[in-house]
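Asker: Here's a structure for you.
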Amino acid sequence: MRDWALKEISNMADKDTVTGLSKLLADTYAVYLKTHGYHWNVRGPNFHSLHAMFMEQYTEMWQAIDEIAERIRALGELAPQGYRSFGNLSGIQDGDPNKDAAGMLKELIGDHEALIKTARAAREGADDVTAAVIDDRIQAHEKHAWMLRASLG
């Protein structure tokens with residue numbers, strides 16, 4: 001195969017990878033915002049433990065957002081930014097501060113499961129470095145979902 005053809009195949013794979021990473025970035029940002037909002041608004045007898053757990057999770061996601069965006073930049077593309085861009089890329093819905101604690105937990109569990117699917121889709125065809133970044137995200141969201149499920153009882 002000619003060099004230009006290899007470069008074209010590589011660029012196409014990178015474009016697909018960047019598209020997947022951009023969706024992962026947007027979904028992560030949406031779940032970060034929701035988790036942070038639920039941290040502020042959770043109520044009930046488990047307030048303290050949920051408040052602390054939500055803080056731990058949104059702090060972890062905040063750091064991950066930067067890692068995902070920097071990986072997009074390392075692949076030579078611009079990372080999406082802004083609420084409109086993220087809203088166009090993400091299927092995650094805004095949180096509802098009127099939900100009770102159990103409702104918040106159930107919604108966040110579903111969101112982390114959606115993030116795991118997004119990450120797995122983004123991993124297809126990714127280079128080793130990008131796959132490692134995505135694998136870290138999958139592991140983190142599996143742990144977050146487990147902790148949320150365990151908190152439901």
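Asker: Looking at segment 126-135, which of its residues are surrounded by 14 or more Cβ atoms within 10 Å (Cβ to Cβ) and part of a helix (DSSP H, G or I)?
Answerer: Listed by number, the residues that qualify are Thr130, Ala131, Val133, Ile134, Asp135.
Asker: So, one more: When you scan segment 85-92, do you find a residue that is touching a Phe, Trp or Tyr at 6+ places or on another chain (Cβ under 7 Å) and at pLDDT 95 or above, even just one?
Answerer: yes
Asker: Here is a follow-up. Being in contact (Cβ under 8 Å) with a residue 40 or more places away in the chain, open to solvent by 90 Å² or more (accessible area, probe 1.4 Å), of a type outside the set (Asp, Glu) and within 23 Å of Lys23 (Cα to Cα): is that true of Arg123 here?
Answerer: Answer is yes for this residue.
Asker: With the requirement that a residue be more than 15 Å from the chain's Cα centre (by Cα) and either closer than 23 Å to Ser22 by Cβ or in a helix (DSSP H, G or I) (or both), what does segment 96-120 give you?
Answerer: In the first step, residues of segment 96-120 are kept if they are more than 15 Å from the chain's Cα centre (by Cα); the result is 96-106.
Once the filter is applied, which keeps residues that are more than 15 Å from the chain's Cα centre (by Cα) and either closer than 23 Å to Ser22 by Cβ or in a helix (DSSP H, G or I) (or both), segment 96-120 yields Ala101, Ala102, Gly103, Met104, Leu105, Lys106.
Asker: Within the bounds of segment 9-32, is there any residue that is hydrophobic (A, V, I, L, M, F, W, C) and in a loop (DSSP other than H, G, I, E, B)?
Answerer: No, segment 9-32 contains no residue that is hydrophobic (A, V, I, L, M, F, W, C) and in a loop (DSSP other than H, G, I, E, B).
Asker: To continue, here is another question. How many residues are assigned to a loop (DSSP other than H, G, I, E, B) and touching a residue at least 60 places away in the same chain (Cβ under 8 Å) when one looks only at segment 67-92?
Answerer: Looking only at that region, the number is 6.
Asker: Still on this structure: Out of the residues in segment 43-66 meeting the condition of being outside any loop (DSSP other than H, G, I, E, B) and small (Gly, Ala, Ser), tell me which one is surrounded by the most Cβ atoms within 10 Å (Cβ to Cβ).
Answerer: Only one residue tops the list, namely Ala64.
Asker: While we're on this one: Out of Thr130, Thr118, report the one residue that is under 18 Å from Thr28 (Cα atoms), in contact with an Asp or Glu (Cβ under 7 Å, 6 or more places away or on another chain) and either β-branched (Val, Ile, Thr) or modelled with pLDDT under 95 (or both).
Answerer: Selected residue: Thr118, the only one of Thr130, Thr118 that is under 18 Å from Thr28 (Cα atoms), in contact with an Asp or Glu (Cβ under 7 Å, 6 or more places away or on another chain) and either β-branched (Val, Ile, Thr) or modelled with pLDDT under 95 (or both).
The values are calculated or read from the model by the stated rules, or taken from the named source; none is laboratory data. None of the values given here were measured: they were computed from a predicted structure. Please note: Cβ atoms are built from the backbone with ideal geometry, for glycine as well, and neighbour counts cover all protein chains shown. Remember, those area values only see protein heavy atoms, side chains included, never the ligands or the DNA or RNA. Shrake-Rupley method; radii C 1.70, N 1.55, O 1.52, S 1.80 Å.
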